[in-house]
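Report on the following structure.
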Amino acid sequence: MRYAHGGGLTPKEQEKRERVRLEAAERFARGEKTEVVARELRVTSRSVRRWRREWEEGGTGALHSKGQASVERLSSRQWERLERELQRGALVHGWDDEFQGWTLKRVKLLIGRMFRIEYTIQGVWKLLRRHGWSAHVPLRRAIERDDEAIEVWKAKWCEREVLRGLTS
């Protein structure tokens with residue numbers, strides 16, 4: 001299955017999704033219509049139709065979770081170690097360019113160096129998402145930016161708008 005955030009589901013999310021499918025199975029047994037089940041469980045009709053087919057062919061057992069789509073290659077101990085290293089920062093690991101944050105490519109290389117395990121860029125993204133990490137894009141600001149001048153301009157603009165509102 002594909003999910004909007006691209007990272008698959010955590011075990012807790014898998015359990016929640018399985019409960020929804022099992023609730024759908026109970027409703028199928030009661031003869032409820034697909035559209036009603038979809039609306040009340042807040043899922044798509046397409047998913048409910050697929051679940052109904054699986055339920056008709058294999059019963060309630062067919063709707064149980066089949067586990068993660070891919071097996072995580074890092075053990076929990078390795079993940080904890082990697083997370084500690086990520087928190088130390090990219091600079092500590094030799095990336096001393098202007099952008100001192102982590103990129104997927106850098107994390108991939110770090111995993112390879114630390115554990116001799118190969119991941120794809122997409123696999124790194126899924127791994128990080130599965131463990132609650134998210135993308136943070138740094139703000140880019142012009143070198144010539146003058147914050148004081150901006151504040152003066154904002155104050156004048158607001159004052160002008162207030163005066164304009166009073167004269168209208």
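Here are the numbers:
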{"item": "FRET efficiency, 1/(1 + (r/R0)^6) with R0 25 Å, evaluated for HIS136 and TRP157 via beta carbons", "result": "0.25"}
{"item": "Listed pairs LYS16/LYS126; LYS12/LYS126; LYS12/LYS33 exceeding 24 Å between Cα atoms", "result": "LYS12/LYS33"}
{"item": "Three principal axis lengths of the stretch 11-63 [C-alpha, angstrom, descending]", "result": "30, 24, 17"}
{"item": "Once the Cα gyration tensor of the chain is diagonalised, semi-axes √(5λ) in Å", "result": "45, 33, 10"}
{"item": "Distance between modelled label sites at ILE150 and LEU91, nm, 7 Å Cα→Cβ extension", "result": "2.3 nm"}
{"item": "Folded to 0 to 90 degrees: helix 104-115 orientation relative to the chain principal axis, Cα", "result": "70 degrees"}
{"item": "Extension gain from GLU83 to LYS16, taking 0.36 nm per residue of separation minus the Cα-Cα distance", "result": "21.5 nm"}
{"item": "0 to 90° range, to nearest 10: angle between helix 45-58 axis and the chain longest Cα axis", "result": "30 degrees"}
{"item": "Given 13 as the ceiling on other Cβ atoms within 10 Å, longest exposed-site-free region of the chain for chymotrypsin sites (Phe, Trp or Tyr not before Pro) in DSSP loops", "result": "4-98"}
{"item": "The chain: angle of helix 147-167 to the longest principal axis, Cα-based, in degrees nearest 10", "result": "80 degrees"}
{"item": "Longest exposed-site-free window of the chain, the sites being trypsin sites (Lys or Arg not before Pro) in a DSSP loop that have at most 15 other C-beta atoms within 10 Å", "result": "74-115"}
{"item": "Using a Förster distance of 30 Å, the FRET efficiency for ARG73-GLU40 (Cβ separation, nearest 0.05)", "result": "0.15"}
{"item": "PHE99 paired with GLU23, simple spin-label distance in nm, labels 7 Å along Cα-to-beta-carbon", "result": "4.1 nm"}
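Bear in mind that the values in this text are calculations on the coordinates, not laboratory data. All figures in this text were calculated on a predicted structure; none of them were measured in a lab. Note that we place each Cβ from the backbone using ideal geometry, even for glycine, and neighbour counts take in every protein chain shown.
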